[in-house]
Amino acid sequence: MTTTRFAPSPTGYLHIGNLRAALFNYCIARQAGGDFILRIDDTDPERSKEDYVEAIKQDLTWLGLTWDRVERQSDRLDRYAAARDRLIEMGRLYECFDTPTELDLKRKKQMNMGRPPVYDRSGLNLTEDQKQAYRAEGRAGHWRFKLDHERIEWADGILGDISIDAASVSDPVLIRGDGQVLYTLASVVDDTEMGITDVVRGSDHVTNTATQIQMIQAMGGTVPNFAHHSLLTGPQGEALSKRLGTLALRDLRARGIAAMAVNSLMARLGSSDPVELRESIDEVVAGFDLTRFGSAPTKFDSDDLEPLTHRWLAARPFAEVETRVRELGVPGELAEIFWDVVRENINTLDDMAEWWQLFYEGGNPQVADEDAEFVETALSLLGEPPYTAETWGEWTNAVKEATGRKGKGLFMPLRRAVTGMDRGPEMADVMRLMQVKPKV
């Protein structure tokens, strides 16, 4: 059975970059009728927060990504300890005492000599007496996995055939000096024991994948199908990492971006297929094809979410947005009318607030000098609210008779005086929602 996982660390809020791994793995599992596991990678007790765990679940629920079960690494420390002991017994895990400063000096020396900055395995040659001496100095030993120096190869679901010389990679640290199990070991144990068949993650994990393949094989597991998606950049190709704080999923949700706008964009961005607005997560799953994605960096512009959200909102029935409309304070009998009027004139749900402010408090009138007298006369012919759907027609007819203006010269100055805008909903609809008489 196909089994995938999304494994976020609860050390912050999910951002748009995290979503690619979540969505891709979700689609693969659901297409095959398999399982999608939400695995909370919380082996770092200092930085992991329960608030972030709940926020992760809220974000995925908002997007419609359901999981079959939740696993937590903090509940599996005994499994990692057992794996550690097995690897030590096999001679594949060895203790090192190099300090960060010493490692840095070694790397610089190797690079100056034109060699790759690979760990020199000095820890393998330490005697028990030397180890005890280091411990007496107050050094805490960390543990590295001993790689077999051979080529590591796999057929990547996106990048194609990959071949990495293990001799060009440092033996990875699996356990820190303070005893904390690192991602590399925990992920291998979990993927093996949970029967993970497919893993999609960012291309920055390619080297990790190479080392983890050897670890899985050493522990007698079955290597999953790996695929590495391209990393997101900004719209001009700039690094996105500095902006990720403003691209948290919770912030996009708070802005009123539609979940299906996010899903529809991210399920196609970076592929050779066009972005198509989908109605449901099931439609996204049905149209997903991992083989259509390329390796080139993928440009992401959050502004692209607004036109998709605009199209999504324009098709929404009132029942789906009623709560947000009523939160604005729109009176009961006007709430559905309000939605019908504004839904094709907003890009996000947040935009509704400006429209209700206009209807409730009046707009910021824009009156050209040559229209000032005309507008003053027109407003003297307009009664007090409440207005109806007929008010606009009755008012403009009265103004036409009184001033002789007609066509654009009649209607545009009045639209600008009432709304402060050149375009927007039909003025008959605007007038029946106005709660105050326009003032100039």
Quickly run through the stretch 129-177 and pick out the residues that are under 24 Å from E71 (Cα atoms) and assigned to a loop (DSSP other than H, G, I, E, B).
-> R176
If we ask which residues in the stretch 63-106 are in contact with a strand residue (DSSP E or B) (Cβ under 7 Å, 6 or more places away or on another chain), within 22 Å of S170 (Cβ to Cβ) and either open to solvent by 60 Å² or more (accessible area, probe 1.4 Å) or outside any loop (DSSP other than H, G, I, E, B) (or both), their number turns out to be 7
Could you please let me know if G363 is in contact (Cβ under 8 Å) with a residue 12 or more places away in the chain and closer than 20 Å to L313 by Cα?
-> no
Which of the residues spanning the stretch 151-174 are under 28 Å from R79 (Cα atoms) and of a type outside the set (S, T, Y)?
-> I152, E153, W154, A166, V169, D171, P172, V173, L174
Which listed residue, of D190, D165, D171, is under 25 Å from T2 (Cα atoms) and under 34 Å from the mean Cα position of the chain (by Cα) = D190
Out of the stretch 178-201, which residues are surrounded by fewer than 16 Cβ atoms within 10 Å (Cβ to Cβ) and not in a loop (DSSP other than H, G, I, E, B)?
-> E193
Counting only helices (runs of 4 or more DSSP H) entirely within the stretch 351-440, those with at least 1 residues that are hydroxyl-bearing (S, T, Y) and surrounded by 16 or more Cβ atoms within 10 Å (Cβ to Cβ) are 391-403, 408-419
Please go through the stretch 138-163 and pick out each residue that is within 19 Å of R121 (Cα to Cα) and surrounded by 15 or more Cβ atoms within 10 Å (Cβ to Cβ).
-> R139, G141, H142, W143, R144, F145, K146, L147
Residues being open to solvent by less than 20 Å² (accessible area, probe 1.4 Å) and either of a type outside the set (G, A, S) or in contact with a helix residue (DSSP H, G or I) (Cβ under 7 Å, 6 or more places away or on another chain) (or both): count how many of those fall in the stretch 28-48.
-> 7
Within the set of pairs 6+ apart or on separate chains, which have a first residue in the stretch 266-281 that is closer than 16 Å to Q31 by Cβ, a second that is modelled with pLDDT of 95 or more and of a type in the set (D, E), and C-beta atoms under 8 Å apart?
-> R268/E276; S271/D289; D273/D289
Based on what the data block shows, is N25 touching a strand residue (DSSP E or B) at 6+ places or on another chain (Cβ under 9 Å), open to solvent by 30 Å² or more (accessible area, probe 1.4 Å) and in a helix (DSSP H, G or I)?
-> no
How many residues of the stretch 107-116 are surrounded by 15 or more Cβ atoms within 10 Å (Cβ to Cβ) and not polar (S, T, N, Q)? The answer is 1
Can you give me the number of residues within the stretch 275-292 that are under 26 Å from D156 (Cβ atoms) and open to solvent by 90 Å² or more (accessible area, probe 1.4 Å)?
-> 2
Do we have any residue at all in the stretch 213-220 that's part of a loop (DSSP other than H, G, I, E, B), in contact (Cβ under 8 Å) with a residue 40 or more places away in the chain and at negative phi?
-> yes
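The values are calculated or read from the model by the stated rules, or taken from the named source; none is laboratory data. Only a predicted model underlies this, so the values are computations on that prediction, with no experimental measurement involved. Note that each Cβ is placed from the backbone with ideal geometry, even for glycine, and that neighbours are counted across all protein chains shown. Keep in mind that these areas ignore ligands, DNA and RNA; they rest on the heavy atoms of the full protein, side chains included. Shrake-Rupley method; radii C 1.70, N 1.55, O 1.52, S 1.80 Å.
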